[in-house]
Amino acid sequence: MTENIFGVVGLFEDPAALLKAVPLVQSKRLGKLEAYTPYPVHGLPGVLGLSRSPLGGMVLVMGALGTLTAFLFQWWMNSVDYPLVVGGKDPSSWQAFVPIMFEVTVLFAAFTAGLGMLLLLNRLPDLWHPFLLSKSCAEVTRDKFALSIEAESGSLDVAAAQAILRQAGALSVEVVAFPAPASKVSLNALLALSAAGALTCALAGAGMYGAVKLFPVLPPMSHMLVQPRLDAQQRGMRPPVAGTVARGRMPYLGALGNPLPRTKAVLELGRKVFSNNCLICHGPLANGTPILTAAYGAKPANLQAKKFLSYTDGEIYHAIMHGKNAMPALGLGFTEDERWAVVHYVRALQRAQHAQDTDLP
Amino acid sequence: MMPALTIQRFWANWLVWMLMLLSAGLGALFVVALEHLTDARWSVPLRRTAERVSGLVVPGSVAALVALFSLKVLYPWARPEAVTMPLVMAKAGWLNIPFFIARTLVCVALWLLSWKVLAGGSLKQDESRALVWTLRLRRFSPFFLVVMGLTTLVVAFDWISSLEPEWYSDVIGVYLFSGMFLAGLSAVVLAVSHLIEKGRLPQVRFDHLYNLGAWMFAFTVFWSYIAFAQYLLMWYADLPEEVYWYQQRSHGPWRGLCLVLALAHFVIPFFALVPQDAKGDLKRLKRVAVLVLAAHFLDLYWLVFPVLGDRPLFSWPELSFACFFVGLAVLWVRRSMSQGADMPVGDPFLEEGLAFKL
């Protein structure tokens, strides 16, 4: 019979009574001691002799990992893999990384603290814990404090446990048995849960829709826009002075021909620049079928057309540098090498579509 | 050295130390008011010490009144050439000498009144043991929080950002507040540790100190958050009337000071206080408190001194000012420690506070 006993639970009026009872009960060494309280009781872990929770260390490590992850993530994306100049700032400006680093640190730390405490260390939700089915549990969720002596390796001296709890001043003492094996979650419960979830989504969606439809968009605080200031930027972005040569760039070579050799590395660079900048309008084969939807009104040139096959390299270069009608002047965003490399690549695409027998090795 | 610069330098030093005194005093008074407001028990045994430190608002207020003589020396908007600066003229409704003096007088009056009520009321309760004081102070505390918020904002706008009147930052008030609260906490920690070492607070334990430490820990993060938020927005927007302020303060020799500030005001105190046991360890707390007070001084120095020129000035004048004001503050608090009980013996919650367990 005793192997079916989970433990003996005594109820106490307040935290002080509980704290006072622990040493006496502990001295008898009848079984594992555990306390159940409606809220955390200061000093209880110490009295029960619980070892310090490893949670703090876990949170610190994960928080630091969060900082590092966010930093490396942004640094690699923004300044190594795909450098993007935003607002005229250096792509590897650490300042811009800090908010994300902070947020990810908090995120990692908070999830470690919350989930680590609940799932990993406390193994919650423990829905079939024997104590939950006891009468004492109902009291604990109200205003009582419970101390339980729990069976260790299946054996417990129930009578002695009851006696010592009474002696320690328990209001009532209850013997708690392991519950019968729990039945599986019923189909009805699952259905009800899904229905409740669907209903919540529908309500939230309808509310959101109503809010967006019924209430006008409020203008944000505008005092920083209207206050007096030095209007240094009223002219918008200024074009470079005519004849400007950027540092580290070779001057425009015009019709002199492509200065780059047609090597694998150059074509690879050209492919990268083309995929990132031209493909969206001119299509992967440069035949003027854009990836853009019809909403993009202009008609990109079909670079496979006869006209463009007979273009010189310099003419393609010119189109990149200066654009044409709806084609933007993209050249200033590239290095000199990138411009010529993409010219090579366009030539390669053209040749691939107009291959001749002599091209075979 | 040019005589004009000498005068400016004198007032710049004065301004920094006036802000130091007010920081420690108002910060400590804020600790007192928070205790009343939240009905906290743990801090009752430490409250008298905080009240004593808050007495620093008295010399701080005097220093603020004296500093009114610095207006024409330090503040461009108070000089005739202000008329030639369109951005400053647009702020003339706020930045003019009569209104400035009126604001300072109101602030000083509110600080002294709040100190009189909060610290004086507690002393009165020592004698009368009347419960009514507990209620009165609890009712007064929200009022002080409002006073603290508004006057810190006024001090930050008036005394700090109007040194360069074309610059402005909405968050500078919160920035100053976070530093002030930290400075107040640190001063309280130092005073408490002095009393403990003298054996005058025998029942104050790890558990009480832990909360002070936790607060310091939390607010080092808060200060850094605010400081960085202000910087990030100005750096990103890159508006000429905002960003030059940081330009001045983060280039040349000032760059080093920025780094020291980041270390001393955030990185070191943060990691020193991360471990659970550190927050209640008196020795550790004391060291961190000294560091944080020094960092707050550096912070104020960094806010004020760049208006004097491109190079940080730090020599005999600054050291003399430091000695004078630190000495004054220590003597002031020591004197109040020789009067009355070391704990609020009339407070009905003192017992409970002493028994406080984490």
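If you go through region A:119-132 one residue at a time, do you hit one that is among the acidic types (Asp, Glu) and touching a Pro at 6+ places or on another chain (Cβ under 9 Å)? No. Would you check if there is a residue in region B:272-279 being among the β-branched types (Val, Ile, Thr) and either within 14 Å of another protein chain (Cβ to nearest Cβ) or more than 22 Å from residue B:19 (Cβ to Cβ) (or both)? Yes; the residues of region B:272-279 include at least one that is among the β-branched types (Val, Ile, Thr) and either within 14 Å of another protein chain (Cβ to nearest Cβ) or more than 22 Å from residue B:19 (Cβ to Cβ) (or both). Screening A:80, A:41, A:59, A:25 for residues that are open to solvent by less than 50 Å² (accessible area, probe 1.4 Å), farther than 22 Å from residue B:231 by Cα and more than 14 Å from chain B (Cβ to nearest Cβ) leaves exactly one candidate, A:25. Determine whether region A:333-351 contains at least one residue that is in contact (Cβ under 8 Å) with a residue 60 or more places away in the chain and open to solvent by 70 Å² or more (accessible area, probe 1.4 Å). So far as region A:333-351 goes, yes, one or more of its residues are in contact (Cβ under 8 Å) with a residue 60 or more places away in the chain and open to solvent by 70 Å² or more (accessible area, probe 1.4 Å). Going through (1) β-branched (Val, Ile, Thr); (2) touching a residue at least 40 places away in the same chain (Cβ under 8 Å); (3) more than 17 Å from residue A:257 (Cβ to Cβ) one by one, residue A:289 falls short only on (2).
For the structure I just gave you, tell me whether residue A:195 is open to solvent by less than 90 Å² (accessible area, probe 1.4 Å), more than 30 Å from residue A:19 (Cβ to Cβ), modelled with pLDDT under 90 and assigned to a helix (DSSP H, G or I). Walk me through how you get there before you give the answer.
Details: open to solvent by less than 90 Å² (accessible area, probe 1.4 Å): yes; more than 30 Å from residue A:19 (Cβ to Cβ): yes; modelled with pLDDT under 90: no; assigned to a helix (DSSP H, G or I): yes.
For residue A:195, the condition - open to solvent by less than 90 Å² (accessible area, probe 1.4 Å), more than 30 Å from residue A:19 (Cβ to Cβ), modelled with pLDDT under 90 and assigned to a helix (DSSP H, G or I) - is not met.
Scanning region B:78-103 for residues being in contact (Cβ under 8 Å) with a residue 40 or more places away in the chain, away from chain A (no Cβ under 14 Å) and open to solvent by 10 Å² or more (accessible area, probe 1.4 Å) gives a total of 1. Quick check, is residue A:161 open to solvent by less than 70 Å² (accessible area, probe 1.4 Å), in the same structural domain as residue A:10 (by TED's automatic domain parsing) and at pLDDT below 95? Answer is yes for this residue. Considering the conditions (1) more than 12 Å from chain B (Cβ to nearest Cβ); (2) open to solvent by less than 80 Å² (accessible area, probe 1.4 Å), residue A:88 is excluded by exactly one of them, (1). One residue alone among A:226, A:273 is at pLDDT 75 or above, surrounded by 13 or more Cβ atoms within 10 Å (Cβ to Cβ) and either within 14 Å of chain B (Cβ to nearest Cβ) or closer than 20 Å to residue A:316 by Cα (or both), and that residue is A:273.
Scanning region B:233-244 for residues that are open to solvent by less than 20 Å² (accessible area, probe 1.4 Å) and either farther than 13 Å from residue A:230 by Cβ or of a type in the set (A, V, I, L, M) (or both) gives a single hit, B:234. Selection of first residues in region B:241-266 that are more than 14 Å from chain A (Cβ to nearest Cβ) and of second residues that are among the aromatic types (Phe, Trp, Tyr), restricted to Cβ pairs under 8 Å at least 6 apart or on distinct chains, gives the following pairs, ordered by first then second residue: B:248/B:254; B:249/B:302; B:254/B:302; B:257/B:301; B:257/B:302; B:261/B:302; B:265/B:223.
Do the conditions hold for residue B:153, that is, is it under 18 Å from the mean Cα position of the chain (by Cα) and free of Cβ contacts under 8 Å to residues at least 40 places away in the same chain?
Details: under 18 Å from the mean Cα position of the chain (by Cα): yes; free of Cβ contacts under 8 Å to residues at least 40 places away in the same chain: yes.
Judged against the criteria, residue B:153 is a match.
Residues considered: B:40, B:33. Of these, the only one that is aliphatic (A, V, I, L, M) and without any contact (Cβ under 8 Å) to a residue 12 or more places away in the chain is B:40. Need a quick list: helices (runs of 4 or more DSSP H) entirely within region B:66-126 having at least 3 residues that are touching a Pro at 6+ places or on another chain (Cβ under 8 Å) and over 22 Å from residue B:29 (Cβ atoms). The qualifying helices (runs of 4 or more DSSP H) are B:86-89.
Name the single residue that is farthest from residue A:28 (Cα to Cα) among those in region A:125-154 being open to solvent by 70 Å² or more (accessible area, probe 1.4 Å) and hydroxyl-bearing (Ser, Thr, Tyr). Across region A:125-154, the extreme among qualifying residues is A:141. Taking the criterion of being under 12 Å from residue A:347 (Cα atoms) and not in a helix (DSSP H, G or I), the residues of region A:306-326 that qualify are A:310, A:311, A:312.
In region A:45-56 there is no residue that is open to solvent by 80 Å² or more (accessible area, probe 1.4 Å), farther than 20 Å from residue A:150 by Cβ, modelled with pLDDT of 90 or more and assigned to a loop (DSSP other than H, G, I, E, B).
The values are calculated or read from the model by the stated rules, or taken from the named source; none is laboratory data. What you see is a predicted model, and the numbers here were worked out from it, not measured in a lab. Counting neighbours? That spans all protein chains shown, and the Cβs are built from the backbone with ideal geometry, glycine included. The accessibility values were calculated without ligands, DNA or RNA, using every heavy atom of the protein model including side chains. Shrake-Rupley method; radii C 1.70, N 1.55, O 1.52, S 1.80 Å.
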